[in-house]
Amino acid sequence: SQELEQSPQSLIVQEGKNLTINCTSSKTLYGLYWYKQKYGEGLIFLMMLQKGGEEKSHEKITAKLDEKKQQSSLHITASQPSHAGIYLCGADPNSGNTPLVFGKGTRLSVIA
Amino acid sequence: GAVVSQHPSWVICKSGTSVKIECRSLDFQATTMFWYRQFPKQSLMLMATSNEGSKATYEQGVEKDKFLINHASLTLSTLTVTSAHPEDSSFYICSASGQNYGYTFGSGTRLTVV
């Protein structure tokens, strides 16, 4: 079965600093999803990557999928307190109606 | 965009009672719905997958008689926690998937069993 490993598990950064979260898959990814979650709330969709080498950006968040489609990184530029939360990567192991497999998440805190 | 409504957002119930959680896709047909459970500071654990009109497929270790899942229409799936006990207290979240729609998550339900 597919497994996702996220690193780091937790991260504390000063406001304004850049940061990167990594997600490594045990198998080739069909699709890789990034979500943000506030504790006790639902998941907010950030980005979805499918093609090897693909890179997408939204506001100050950029996500990349490597050429081999086994690793993805999420980069936040000039972090703000609003970026704080839990970031989860989810793998689509197939395509179609199979459940996403999630990493354990990275807890981000941004301090002023 | 695709929206999934989940309610209640939180519920407190007495031990031994049953609780029903609803998950509705508001603007698309969800051919498949997934139910997850999340414990504090942990990731989402898949409980079951349900396809409209079919019996749900449960993950190993999830009691199908305790966690009843119904997916009778393309827009509604329900999870009923039967004879709830304190160890069932958790955050439950659904995800809906349909043709041309990826994975859209509900806002989750926090269940506390006292």
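The values are calculated or read from the model by the stated rules, or taken from the named source; none is laboratory data. This structure is a prediction, so every number in the text was calculated from the model and none was measured. Every residue, glycine among them, receives a Cβ derived from its backbone with ideal geometry; neighbour counts consider all protein chains shown.
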**Fill in**
By residue number, the members of segment B:31-72 that are farther than 15 Å from B:A96 by Cα, away from chain A (no Cβ under 11 Å) and in a strand (DSSP E or B) are B:Y58, B:F67, B:L68
**Candidates A:A63, A:A84, A:A78 - the one that is touching a His at 6+ places or on another chain (Cβ under 8 Å) and either within 14 Å of chain B (Cβ to nearest Cβ) or small (G, A, S) (or both)** = A:A63
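Considering A:S26, A:S7, which residue is within 22 Å of A:I111 (Cα to Cα) and of a type in the set (S, T, N, Q)? Can you show your working first?
On the way: A:S26 fails: within 22 Å of A:I111 (Cα to Cα).
After ruling out the rest, the residue left standing is A:S7.
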**Fill in**
The correct count of residues that are out of contact with any Asp or Glu (no Cβ under 7 Å at 6 or more places or on another chain), more than 11 Å from chain B (Cβ to nearest Cβ) and more than 18 Å from B:S97 (Cα to Cα) in segment A:88-112 is 2
**Prompt:** Out of A:L74, A:L43, A:L19, which single residue is farther than 25 Å from B:F91 by Cβ and either out of contact with any helix residue (DSSP H, G or I) (no Cβ under 8 Å at 6 or more places or on another chain) or at pLDDT below 95 (or both)?
**Reply:** A:L19
**Prompt:** Out of all the residues in segment B:82-107, which are crowded, with 17+ Cβ neighbours inside 10 Å and among the acidic types (D, E)?
**Reply:** B:D88
**Message:** Filter segment A:46-70 down to the residues that are surrounded by fewer than 17 Cβ atoms within 10 Å (Cβ to Cβ) and in a strand (DSSP E or B) and list them by number.
**Reply:** A:E55, A:K56, A:S57, A:H58, A:T62
**Item:** Considering residues of segment B:32-43 that are surrounded by fewer than 19 Cβ atoms within 10 Å (Cβ to Cβ) and in contact with a Ser or Thr (Cβ under 9 Å, 6 or more places away or on another chain) only, the residue farthest from B:F67 (Cα to Cα)
**Value:** B:P40
**Message:** Condition first: among the small types (G, A, S) and free of Cβ contacts under 8 Å to residues at least 12 places away in the same chain. Now tell me which residues in segment A:36-75 satisfy that.
**Reply:** A:G40, A:G42, A:S57
